[in-house]
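*Asks:* Mind having a look at this structure? Questions to follow.
The values are calculated or read from the model by the stated rules, or taken from the named source; none is laboratory data. As the structure is a prediction and not an experimental result, all values here were calculated from the model. Here the Cβ is made from the backbone with ideal geometry for all residues, glycine too, and neighbour counts use every protein chain on show.
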Amino acid sequence: MALASMTGFARETGLSGAWRFAWELKSVNAKGLDVRGKGPAGFDAVIEEARARVGRAVQRGTCHVALIASRDMAPVTARINTALLDALVETLAPYDGRMGLRAPSVGALLGVRGVVEIGEPEEVGVPAEVAATMLASLDAAIAALVTSRRSEGDVLADVLTQRIDTIATLADAADACPARRPEAIKARLAEQVAALIDASSGLDPNRLHQEAVLLAARADIREEIDRLRAHVGAARDLLVKGGPVGRRLDFLAQEFSREANTLCAKAVDVSLTVIGLDLKTEVEQFREQVQNVE
């Protein structure tokens, strides 16, 4: 199964009867799954179904589902109330010519309220066939969103693989560092013990030898290197497995960080400290990229 990112975008447009519509899907990073939807008034049922479908298609991330819809208006109709118009003409005819009055024109009579009746288009709900077409278009948008997330996931997989390879290389470098060889540690501790004895004749050489042995044991990073290698193997397995492995990779990033910090704390030589700091930098970059994985 391919690795998927939590970020993606998709847009699908459609036409059904007098309705024109467009779906816009956008997803971003989140700790869990949160699907939010919005649309025009009257489309609540369609939006709820859309949220449910998106929630079944993705495992993690904040997903914004937006429906943009408009309806072509039906043509306005006009009808003349001939009965009322005839009544007005008949009523006003006797006054034509009286006291200089003239019979009103047809245009004037059409302006009388009720003579011309305007037929407004009726407001109706969303027809079932329109809703079905919209949801079919939504399915195409969801497929495009999933493809977008997986395409970015492919890029993430390459980046994370490079980070893991670098972490493995640094772990090997720490393991092979000359400063952690027993003879190097012995020589360095011997110099320190000799310096302390020269500085104070009251110090017990046997006690100093015991403390040096304990210090050498505490400075050993064998366990940290072994755990780093184990985490590298686990991370590689997750990348091969794919799917919603973001949380598990995030846990491994925390474990990588823990081992890198311990390695730096135990370092008794500058060369090993440099490797530890490089390791911490690489682990932090790995952790940042993991935040994008589903």
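*Asks:* Residues in the stretch 93-131 that are farther than 23 Å from Gly14 by Cα, at pLDDT 70 or above and under 60 Å from the mean Cα position of the chain (by Cα): how many?
*Replies:* 5
*Asks:* I would also like to ask the following. Could you say which residue among Val270, Val240, Val245 is farther than 11 Å from Ala171 by Cβ, among the β-branched types (Val, Ile, Thr) and under 21 Å from the mean Cα position of the chain (by Cα)?
*Replies:* Working: Val270 fails: under 21 Å from the mean Cα position of the chain (by Cα); Val240 fails: under 21 Å from the mean Cα position of the chain (by Cα).
Sole residue among the options that is farther than 11 Å from Ala171 by Cβ, among the β-branched types (Val, Ile, Thr) and under 21 Å from the mean Cα position of the chain (by Cα): Val245.
*Asks:* Taking the condition touching a helix residue (DSSP H, G or I) at 6+ places or on another chain (Cβ under 7 Å) and either at pLDDT 95 or above or at positive phi (or both), does Ala216 pass?
*Replies:* On the way: touching a helix residue (DSSP H, G or I) at 6+ places or on another chain (Cβ under 7 Å): yes; either at pLDDT 95 or above or at positive phi (or both): no.
No, not satisfied.
*Asks:* Right, next: Can we say Leu277 is assigned to a helix (DSSP H, G or I), modelled with pLDDT of 95 or more, among the hydrophobic types (A, V, I, L, M, F, W, C) and more than 27 Å from Leu3 (Cβ to Cβ)?
*Replies:* Values: assigned to a helix (DSSP H, G or I): yes; modelled with pLDDT of 95 or more: yes; among the hydrophobic types (A, V, I, L, M, F, W, C): yes; more than 27 Å from Leu3 (Cβ to Cβ): yes.
Yes, satisfied.
Residue-by-condition table, conditions (1) under 20 Å from the mean Cα position of the chain (by Cα); (2) at pLDDT 95 or above; (3) farther than 22 Å from Val155 by Cβ; (4) not assigned by TED's automatic domain parsing to the domain that holds Ala136:
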| residue | (1), (2), (3), (4) |
| --- | --- |
| Trp19 | no, no, yes, no |
| Ala22 | no, yes, yes, no |
| Leu25 | yes, yes, no, no |
| Arg36 | yes, yes, yes, no |
| Ala57 | yes, yes, no, no |
| Thr62 | yes, yes, no, no |
| Ile68 | no, yes, yes, no |
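*Asks:* Next question. Restricting attention to the stretch 27-59, which residues are in a strand (DSSP E or B) and touching a residue at least 60 places away in the same chain (Cβ under 8 Å)?
*Replies:* Quick first cut of the stretch 27-59, residues in a strand (DSSP E or B) only: 27-28, 33-38.
Within the stretch 27-59, Ser27 is the sole residue that qualifies.
*Asks:* Shifting gears a bit: With the requirement that a residue be surrounded by fewer than 21 Cβ atoms within 10 Å (Cβ to Cβ), assigned to a helix (DSSP H, G or I) and among the aliphatic types (A, V, I, L, M), what does the stretch 254-271 give you? Walk me through how you get there before you give the answer.
*Replies:* So in the stretch 254-271, the residues surrounded by fewer than 21 Cβ atoms within 10 Å (Cβ to Cβ) come out as 254-255, 257-258, 261-262, 264-266, 268-271.
Still in the running and assigned to a helix (DSSP H, G or I): 254-255, 257-258, 261-262, 264-266, 270-271.
Residues satisfying the conditions are Ala265, Val270.
*Asks:* Can you list residue pairs whose Cβ atoms sit under 7 Å apart, with the first residue in the stretch 142-164 being closer than 21 Å to Ala10 by Cβ and the second being assigned to a helix (DSSP H, G or I) and of a type in the set (Lys, Arg)? Count only pairs 6 or more apart in sequence or on different chains.
*Replies:* Taking only residues 6 or more apart or on different chains, the pairs are Ile142/Arg53.
*Asks:* Here's another thing I want to ask about it. Give the residues of the stretch 135-156 that are under 17 Å from Val240 (Cα atoms) and among the polar types (S, T, N, Q), sorted by residue number.
*Replies:* Ser151
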